[in-house]
Amino acid sequence: MSKRISILGSTGSIGRQSLDVIAACGMSVAALTANSSVGRMEEQARRFKPELAVLVDEKAAADLRVRLADTNVRVLSGMEGLMEAAAISSADTVITAVVGMVGLRPTLAAIREGKRIALANKETLVCAGQLVLEEAKDYGAQILPVDSEHSALFQSLEGNKDRGEVKRLILTCSGGPFYGKTREQLQGMTREDALRHPNWSMGAKITVDSATLMNKGLEFMEAMHLYHMPPEKIAIVIHRESIIHSLVEYCDNAMIAQLGSPDMRLPIQYALTWPKRVPGPATPLDLWNCGPLTFGTPDLDTFRCLALALEAAKAGGTAGAILNGANEAAVAQFLAGEIGFLDIADKVARAMEKVPVVRDPGLTDILEADAAAREAAR
Ligand code: NAD
Ligand code: MG
């Protein structure tokens, strides 16, 4: 397939799996970006020969420039470099796989160039969903979900012409590594405990979000924005096996689902090849040996982050940016060993109490809400 791709966050979990898909499907790479991983970026640049390689960290970028001196790869640094990689003219598609709200401005830059956005960076939609989708409409940029649940919803909605026929979207949730635990048991959970996800191997931040179930709350808001659904038309079901990636329930009570092995390369690939399907590297699902599929109800009292996210989803405006900013700050503190597992929800709750919600926010309101929430969480 002759597609030319720019990857924001190429050294991370989604970034590396995207490169697997690109190699397997014969696509090419226009630009690669990462925060500071020099060694990994050098390897990727030598193998995929992009025009541009960006490391946000200045020192790391200077090191990379020396290492790649014998190649034609241009090396840039900082937010400026990230913006250039997002808008690079030779790419038709930009994969947004950076972690956190830092992805917002580059995503907007790619949209303004009319690129297809293969969107993994869910924090961007949680903070600024309305703004991002309006800009995408104005500039004719398609946004295709990389998140497995949203890709499943996308695939389950494809045959549907009239959104009025949709009764609800049902997001599946693995329950994470702490499924079934009580608040007392959660009290002592460490960074290492939280980083042990049963089904998926992912970056540290999203793995902690999967342990608190904040990830499902962020995905709830992501689904509201992507599919223009009010919160009362989205439900969450615990499905420990991560085989059914999400479902759409229609008004006649038919449920349409997408199934597959827990392998992100499938949703990544579909975001790149849609509306076509091509053979790819994702692991096939062996239905005959995958065992029984189970379903349950999420425990909102124990996993308070999910309850807080549902509250923010209902509140709208800058509530998503406040929730997300506080969560990013709190998860960073948890990963640094500075706070306990249950403190994450406490900090998010405190920020939501303290920072006022602004309706119909512009970019400045969103950035201010994010900064105030981080401050309140600290
Ligand atoms: P990761 O931590 O493995 O990788 C993050 C990438 O972003 C790296 O390349 C890193 O260098 C770069 N980065 C980090 N901080 C940055 C900064 N401040 N500025 C610029 N670049 C920075 O994360 P991941 O698991 O690949 O997740 C990436 C995004 O995809 C997240 O938004 C996550 O929620 C979403 N997502 C991930 C998965 C998954 O399976 N990993 C699934 C669904 C959605
Ligand atoms: Mg997901």
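The values are calculated or read from the model by the stated rules, or taken from the named source; none is laboratory data. Owing to the predicted nature of the structure, the values given are computational and were not obtained by experimental measurement. Virtual Cβ from ideal backbone geometry, glycine too; neighbours counted across all protein chains shown. These area figures cover heavy atoms from the full protein model, side chains too; ligands, DNA and RNA do not enter into them. Shrake-Rupley method; radii C 1.70, N 1.55, O 1.52, S 1.80 Å.
Some observations on this one:
- Region 2-23: number of residues that are part of a loop (DSSP other than H, G, I, E, B) and either over 20 Å from Ile206 (Cα atoms) or β-branched (Val, Ile, Thr) (or both): 3
- Scanning region 172-184 for residues that are free of Cβ contacts under 8 Å to residues at least 60 places away in the same chain and open to solvent by 40 Å² or more (accessible area, probe 1.4 Å) yields Gly180, Glu184.
- Flag if Arg105 is surrounded by fewer than 24 Cβ atoms within 10 Å (Cβ to Cβ), more than 11 Å from ligand 1 (Cβ to nearest atom) and of a type in the set (Lys, Arg): no
- Number of positions in region 62-86 that are open to solvent by 30 Å² or more (accessible area, probe 1.4 Å) and either over 24 Å from Val21 (Cα atoms) or more than 12 Å from ligand 1 (Cβ to nearest atom) (or both): 14
- Summed over region 185-235, residues that are more than 16 Å from ligand 1 (Cβ to nearest atom), open to solvent by 30 Å² or more (accessible area, probe 1.4 Å) and on the phi < 0 side of the Ramachandran plot total 11.
- Every residue from region 144-178 that is away from ligand 2 (no atom under 16 Å from the Cβ) and either at pLDDT below 95 or not basic (Lys, Arg) (or both): Leu157, Glu158, Gly159, Asn160, Lys161, Asp162, Arg163, Gly164, Glu165, Val166, Phe178
- Taking the criterion of being of a type in the set (Lys, Arg) and more than 14 Å from ligand 2 (Cβ to nearest atom), the residues of region 198-242 that qualify are Lys233, Arg240.
- Just one residue in the set Glu328, Glu368, Glu338 is open to solvent by 60 Å² or more (accessible area, probe 1.4 Å), of a type outside the set (A, V, I, L, M, F, W, C) and not in a loop (DSSP other than H, G, I, E, B); that residue is Glu368.
- Summed over region 334-345, residues that are touching a helix residue (DSSP H, G or I) at 6+ places or on another chain (Cβ under 8 Å) and without any contact (Cβ under 8 Å) to a residue 60 or more places away in the chain total 2.
Residue by residue, here is whether (1) among the aliphatic types (A, V, I, L, M); (2) under 26 Å from Phe295 (Cα atoms); (3) in contact with a His (Cβ under 9 Å, 6 or more places away or on another chain) holds:
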residue	(1), (2), (3)
Asn121	no, no, no
Leu131	yes, no, no
Asp138	no, no, no
Leu153	yes, yes, yes
Glu158	no, yes, no
Lys161	no, no, no
Ile170	yes, yes, no
Ser174	no, yes, yes
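- Residue in region 115-128 that is surrounded by 17 or more Cβ atoms within 10 Å (Cβ to Cβ), without any contact (Cβ under 8 Å) to a residue 60 or more places away in the chain and within 16 Å of ligand 2 (Cβ to nearest atom) present: yes
- Any pair with Cβ under 9 angstrom, 6 or more apart, that starts in region 87-112 at a residue that is under 21 Å from Ile206 (Cα atoms) and ends at one that is basic (Lys, Arg): Val94/Lys115; Val94/Arg116; Val99/Lys205; Gly100/Lys205
Rundown of residues vs (1) closer than 16 Å to Ser242 by Cβ; (2) part of a helix (DSSP H, G or I), yes/no style:
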site: Gly164; (1), (2): no, yes
site: Lys167; (1), (2): no, no
site: Pro177; (1), (2): yes, no
site: Glu184; (1), (2): no, yes
site: Glu192; (1), (2): no, yes
site: Met202; (1), (2): yes, no
site: Ile206; (1), (2): yes, yes
site: Gly217; (1), (2): no, yes
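- Residue in region 148-167 that is surrounded by fewer than 24 Cβ atoms within 10 Å (Cβ to Cβ), within 27 Å of Arg359 (Cα to Cα) and within 16 Å of ligand 1 (Cβ to nearest atom) present: no
- Here the condition is being within 25 Å of the chain's Cα centre (by Cα) and over 17 Å from Gly12 (Cβ atoms); of Ala87, Ala69, Ala53, Ala97, it holds for Ala87 alone.
- Considering region 253-270, and only residues there that are out of contact with any Ser or Thr (no Cβ under 7 Å at 6 or more places or on another chain) and not in a strand (DSSP E or B), the residue that is surrounded by the fewest Cβ atoms within 10 Å (Cβ to Cβ) turns out to be Asn253.
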